[in-house]
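Remarks on the structure that follows.
The values are calculated or read from the model by the stated rules, or taken from the named source; none is laboratory data. Since we're looking at a predicted model, the values are computed, not measured. So basically every Cβ, Gly included, is an ideal-geometry build from the backbone, and we count neighbours across all protein chains shown.
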Amino acid sequence: MAKVQSRQASARIGGFFFVLPSIIAIAIFVYGMIAYTFNISLTNRNSASVKEIKHVGFKNYIELFSDERFIHALGNLLKFTGVFLVGTLVSGFIMALLLEKGVAGEGLFRSFYLYPMAISFIAMGTVWRWLLNSSRDGDAGGLNLVLQKIGLGFLQNDWYLSPRGAMFAMAIPAIWQMSGYVMALFLAGFRGIPDDLREAARMDGASEFKIYRHVLFPQLSPTFLTVLIILGHISMKVFDLIIGISGKSYVTDVLAVYMWQVTFDITNFAKGASIAMIILLMVAVVVIPYLRHVNKTEQEN
Amino acid sequence: MSADIVDRVTHSTAPKKNRKKLSGVAQFWLIFRYISLTIILAMIILPIYVLVVNSFKGISGVYLNTAFELPKTLNFETWSAAWEWLAVPMGRTLFFVTQSSIISAMIGSINGYVLSKWRFAGSNAIFMLFLFGMFIPYQAIMIPLTQFNKAVGLTGSIYVLVLAHVVYGIPICTLIFRNYYASIPDEIIEAGRVDGASMVRIYRAIILPLSIPAFVVVLIWQFTSAWNDFLFAIFLTGGSPKLAVATTALNWLTGSSNQVYYGKNMTASLMASIPTLLVYMFLGRYFLRGLLSGSLKG
């Protein structure tokens, strides 16, 4: 028996050694490099020609908040996030609600609703640029033409070229892509609710509406939280979608795109690093509490 | 343990209605649901429909105001033009994606095995630290990563992308395997142990043969995300045409200066999406599992 136990102990140490390469990789490439980026953000490496690199404290961060372009990109990102979150939540939830009881051909609907997740935005950008084209009336194509055809011609607009509405337009392809994913999460939520709950409420004479409102929806709040976190962190990082549709245009600038331009077009590493750290901070605020929550629930099981 | 998450998505738990006649109200709602589902379906299909129909209209036959119309004749001009542009980048993408997916899957399998069946002190904390790596914005590591690549002489090689996708794929691959192995009963491991089998032997003889579904999930997940990746590709291979992959080549083609070649752009976009679409069509269930793992729910 003692022999088996010492064997197990040594196996556990052995286990550690098998994971060690990954631990080292994550330590260097995730945490080490984040620390390195943070360090750059505190220096004066504001162009490739800086000879003497020295620390300047939080100067780069302070300057960002008086940088008109940064404020603009941050504002755009928040606008985008708002529309994207609400739009995707609502549409994904409705899709799940419609499918939840099961309909003939459900598999087909589900498969089609999820296919956008398998395509890159660089590819879909080509077609969205067309669909969100600003030509109107006689010249209209894309969504403006669709709006005319269904008698909503007055809603025609400039989409992502409109200075005020650009980020709302940008949220459309994002909602299109992610709704199916949200649907899948909510479907899993709905179908994880034991039938007895529904049956019991029905026995008590509750109407279908009341069953949803008072029995099913409250059970979905953990799913709701998950969806918010997932969409939130994806939104903070939005990059491909913007590049794929409008490139580096000013009206649709967001933090990730601005960081790319600052870092690689004008090689201002310190500023690029500062923007990156701000995106990281925004993601961390959303994700870390969620990870702790997941960890806690797992320990309890 | 609750039912498997993919099963929950794909199987209705609602009690089967006995085939009694539906009441008028119930009938109304059923019809309402089908109409709504079909309208949503049309909206979801619209973009890919536009790509498909316009890819057969030839180099100069594509116009904005007839974008929704079917082609009058099937013209394959743009397909050969797009192929000329994309064949090499797509081949290169396939080359690196295959390698990064296979390496990722092997690493994920070993990590997942240890972290689910041979936990050591602190293994849970390590796993959580791994998971955070899955959510970070890669901008936060991009500057040191390019410097690292330069220092080790990888700049200018397609292996910068293999490295990036393998390393930053560790969290999700570990997670998928760990969850999968958690569903294999500990008794199997225990039985092996009592028989005197070592950790490695149990892995090879018992765990690995059971792992095929998880390997499929991880392989297609890594394949799809690396194939569709633009961020690493644009940062790490820069503007080098010699290292163009599917997404960067496509972006150069469809970027603003090339707007005139609508037909070719549309076809190229469709062409670059075909590999991942095929994977989705034939292995959708595995793709869904990878997707749901990312939410830490399954």
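Worth a mention:
- In this structure, A:A169 does not satisfy being of a type in the set (G, A, S), under 20 Å from the mean Cα position of the chain (by Cα), facing chain B (nearest Cβ under 9 Å) and crowded, with 20+ Cβ neighbours inside 10 Å.
- Candidates B:I176, B:I172, B:I189, B:I184 - the one that is surrounded by 15 or more Cβ atoms within 10 Å (Cβ to Cβ), assigned to a loop (DSSP other than H, G, I, E, B) and of a type outside the set (F, W, Y): B:I184
- Scanning the stretch A:179-202 for residues that are in contact with a helix residue (DSSP H, G or I) (Cβ under 7 Å, 6 or more places away or on another chain) and within 7 Å of another protein chain (Cβ to nearest Cβ) gives A:Y181, A:A184, A:L185, A:L187, A:A188, A:R191, A:G192.
- Output for the stretch A:152-181, where each listed residue is in a loop (DSSP other than H, G, I, E, B), out of contact with any Lys or Arg (no Cβ under 8 Å at 6 or more places or on another chain) and in contact (Cβ under 8 Å) with a residue 12 or more places away in the chain: A:N157, A:D158, A:S162, A:P163
- Contact map, the stretch B:150-162: residues that are modelled with pLDDT of 95 or more paired with residues that are assigned to a loop (DSSP other than H, G, I, E, B), Cβ distance under 9 Å, separation 6+ or inter-chain. Pairs shown: B:I158/B:T237; B:I158/B:V245; B:V160/B:L154; B:V160/B:T237; B:L161/B:D229; B:L161/B:T237; B:L161/B:V245.
- Any hit, the stretch A:86-97, residues being aliphatic (A, V, I, L, M), crowded, with 21+ Cβ neighbours inside 10 Å and at negative phi: yes
- Residues of the stretch B:110-146 that are in a loop (DSSP other than H, G, I, E, B) and without any contact (Cβ under 8 Å) to a residue 60 or more places away in the chain: B:R119, B:F120, B:A121, B:G122, B:I136, B:P137.
- Segments classed as helices (runs of 4 or more DSSP H), wholly inside the stretch A:238-301, with at least 3 members that are over 30 Å from B:S273 (Cα atoms): A:269-300
- One residue alone among A:L132, A:L42, A:L108 is under 30 Å from B:M43 (Cα atoms), within 14 Å of chain B (Cβ to nearest Cβ) and surrounded by fewer than 22 Cβ atoms within 10 Å (Cβ to Cβ), and that residue is A:L108.
- Residues in the stretch A:228-243 that are more than 9 Å from every other protein chain (Cβ to nearest Cβ) and either closer than 14 Å to B:N228 by Cβ or under 8 Å from the mean Cα position of the chain (by Cα) (or both): A:L231, A:G232, A:I234, A:S235, A:V238, A:L241.
- A:V254 more than 16 Å from the chain's Cα centre (by Cα), crowded, with 22+ Cβ neighbours inside 10 Å, aliphatic (A, V, I, L, M) and more than 10 Å from chain B (Cβ to nearest Cβ): no
- Within the stretch B:237-254, the set of residues being buried (at least 16 other Cβ atoms within 10 Å of the Cβ) and free of Cβ contacts under 8 Å to residues at least 24 places away in the same chain comprises B:N251, B:T254.
- Of residues in the stretch B:231-251 being more than 14 Å from A:S120 (Cβ to Cβ) and at the interface with chain A (Cβ under 10 Å from one of its Cβ atoms), the one modelled with the lowest pLDDT: B:G239
- All positions within the stretch A:268-296 that are surrounded by fewer than 23 Cβ atoms within 10 Å (Cβ to Cβ), over 16 Å from the mean Cα position of the chain (by Cα) and more than 10 Å from chain B (Cβ to nearest Cβ): A:N268, A:P289, A:K296
Here's the yes/no breakdown for (1) aliphatic (A, V, I, L, M); (2) more than 7 Å from chain A (Cβ to nearest Cβ); (3) touching a His at 6+ places or on another chain (Cβ under 7 Å):
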residue: B:W118; (1), (2), (3): no, no, no
residue: B:A121; (1), (2), (3): yes, yes, no
residue: B:M128; (1), (2), (3): yes, no, no
residue: B:I136; (1), (2), (3): yes, no, no
residue: B:I143; (1), (2), (3): yes, no, no
residue: B:T155; (1), (2), (3): no, yes, no
residue: B:Y159; (1), (2), (3): no, yes, no
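- Of the residues making up the stretch B:257-269, not a single one is closer than 21 Å to B:Q139 by Cβ and either modelled with pLDDT under 95 or among the polar types (S, T, N, Q) (or both).
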